[in-house]
């Protein structure tokens, strides 16, 4: 009989509830407990999955866990991650990895010292359309990439107060563009604006790489939700709709829509995390990967404040 991995979730907002739902469905996973500071929310969600409810995450960490998802506001990531790692628990942190580079470094070093898995929840890497696009790029079916542009916009999000749209939404596309190029960002120039939030709620970012460029537009001001990406390459153009999800290829033969397996990206992500913990393998999105996305996002905030191009070291 296989031994199930004991897993918990701390933070039961929209994403945390989805983590709980999917862990409860995954084979070889025992969802042990759920934690949120709002007692009613914790108890109602835990009751749904017939697990224990906690309002103090320290009590959840005492439940002999193998792994935990941390789906709380960014400013709380460091403290909770370090406490979990100290107990030898592998950690999946919803992006971004943390709020500062120093805090990200502490989390990464702690995980290395304890020998536990650390994965950052950059969910779009597990979007079926992006997985199919990455395979096309790796197989050189599009030729050489020239530029990648993204548009990730939507309505006002009052739930997010601790960071602006660059760290909340922009990190998705910073990571995906880096992933598709297969290299880190060299420099960034950004423009941003505050309209209704305490932090920026609209931004345009221009990223440079060794072999191409990227442009990201993101905001919380558009009354409809859009998540799109376009790749211009030497042998064609690829267009992704993250939401559908679809992947269309345009070349001299015309337009072809790639056949992709429709599935829930978060489920793929959580299964990958569990597989890494179980098999002692390296996650697709490591702490260092998450740290790079954070560094570029923080540099974008600085660039928009100072009007300078920021080099990424």
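Given the conditions (1) over 27 Å from residue 103 (Cα atoms); (2) surrounded by fewer than 18 Cβ atoms within 10 Å (Cβ to Cβ), and given that residue 281 satisfies all but one, which numbered condition is not satisfied?
Just one mismatch for residue 281, condition (1).
Among the residues in the stretch 226-234, are any assigned to a loop (DSSP other than H, G, I, E, B), modelled with pLDDT of 95 or more and either touching a helix residue (DSSP H, G or I) at 6+ places or on another chain (Cβ under 7 Å) or within 30 Å of residue 6 (Cα to Cα) (or both)?
no
Just for the stretch 27-39: of the residues that are in contact with a strand residue (DSSP E or B) (Cβ under 9 Å, 6 or more places away or on another chain) and surrounded by fewer than 17 Cβ atoms within 10 Å (Cβ to Cβ), which one is farthest from residue 265 (Cα to Cα)? Spell out the reasoning first.
The initial filter retains those residues of the stretch 27-39 that are in contact with a strand residue (DSSP E or B) (Cβ under 9 Å, 6 or more places away or on another chain), namely 28-36, 39.
Checking which are surrounded by fewer than 17 Cβ atoms within 10 Å (Cβ to Cβ) leaves us with 28, 30, 39.
Working: 28: 19, 30: 21, 39: 29 Å.
This residue is 39.
Of the numbered conditions (1) surrounded by fewer than 14 Cβ atoms within 10 Å (Cβ to Cβ); (2) at pLDDT 95 or above; (3) touching a helix residue (DSSP H, G or I) at 6+ places or on another chain (Cβ under 9 Å), residue 254 fails exactly one; give the number of that condition.
Here residue 254 meets the rest and fails (3).
Considering only residues of the stretch 67-104 that are touching a strand residue (DSSP E or B) at 6+ places or on another chain (Cβ under 9 Å) and part of a loop (DSSP other than H, G, I, E, B), which is farthest from residue 117 (Cα to Cα)?
So the residue we want is 72.
Only one residue in 46, 42 is in contact with a strand residue (DSSP E or B) (Cβ under 7 Å, 6 or more places away or on another chain), closer than 30 Å to residue 199 by Cβ and surrounded by 21 or more Cβ atoms within 10 Å (Cβ to Cβ), so which one is that?
Values: 46 fails: closer than 30 Å to residue 199 by Cβ.
Within the list 46, 42, the selection yields 42.
How many residues are crowded, with 23+ Cβ neighbours inside 10 Å and over 19 Å from the mean Cα position of the chain (by Cα) if we restrict to the stretch 199-223?
1
Select from the stretch 19-48 the residues that are assigned to a helix (DSSP H, G or I) and over 20 Å from residue 121 (Cβ atoms) and list them in ascending order.
Hits for the stretch 19-48 are 39, 40, 41, 42, 43, 44, 46, 47, 48.
Looking at 16, 8, which is the one that is outside any helix (DSSP H, G or I) and under 23 Å from the mean Cα position of the chain (by Cα)?
Step by step, each of 16, 8 is checked, and only 8 is outside any helix (DSSP H, G or I) and under 23 Å from the mean Cα position of the chain (by Cα).
Condition first: buried (at least 24 other Cβ atoms within 10 Å of the Cβ), modelled with pLDDT of 95 or more, assigned to a strand (DSSP E or B) and touching a strand residue (DSSP E or B) at 6+ places or on another chain (Cβ under 6 Å). Can you find one or more residues in the stretch 172-179 that meet it?
No, every residue in the stretch 172-179 fails to be buried (at least 24 other Cβ atoms within 10 Å of the Cβ), modelled with pLDDT of 95 or more, assigned to a strand (DSSP E or B) and touching a strand residue (DSSP E or B) at 6+ places or on another chain (Cβ under 6 Å).
Kindly indicate whether any position in the stretch 260-271 is outside any helix (DSSP H, G or I) and under 30 Å from residue 106 (Cβ atoms).
no
Which of the residues that make up the stretch 105-121 are surrounded by 21 or more Cβ atoms within 10 Å (Cβ to Cβ) and in a loop (DSSP other than H, G, I, E, B)?
117
Pull up the stretch 153-171, narrow it to residues that are surrounded by 20 or more Cβ atoms within 10 Å (Cβ to Cβ) and in contact with a helix residue (DSSP H, G or I) (Cβ under 6 Å, 6 or more places away or on another chain), then point me to the one that is farthest from residue 198 (Cα to Cα).
171
Does residue 196 qualify as being touching a strand residue (DSSP E or B) at 6+ places or on another chain (Cβ under 9 Å) and assigned to a loop (DSSP other than H, G, I, E, B)?
When the stated conditions are applied, residue 196 does not pass them.
Being part of a loop (DSSP other than H, G, I, E, B) and in contact with a strand residue (DSSP E or B) (Cβ under 9 Å, 6 or more places away or on another chain) is the filter here, so list the residues in the stretch 155-171 that pass it.
Scanning the stretch 155-171 gives a single hit, 164.
Run down 187, 235 and say which single residue is more than 23 Å from residue 266 (Cα to Cα) and surrounded by 15 or more Cβ atoms within 10 Å (Cβ to Cβ).
Unique residue meeting the criteria: 187.
Assess whether residue 157 counts as being over 19 Å from residue 308 (Cα atoms) and in contact (Cβ under 8 Å) with a residue 60 or more places away in the chain. Break it down stepwise before answering.
Numbers: over 19 Å from residue 308 (Cα atoms): yes; in contact (Cβ under 8 Å) with a residue 60 or more places away in the chain: yes.
It is true that residue 157 is over 19 Å from residue 308 (Cα atoms) and in contact (Cβ under 8 Å) with a residue 60 or more places away in the chain.
The values are calculated or read from the model by the stated rules, or taken from the named source; none is laboratory data. No experiment lies behind these values; they were computed from the predicted model shown. Note that each Cβ is placed from the backbone with ideal geometry, even for glycine, and that neighbours are counted across all protein chains shown.
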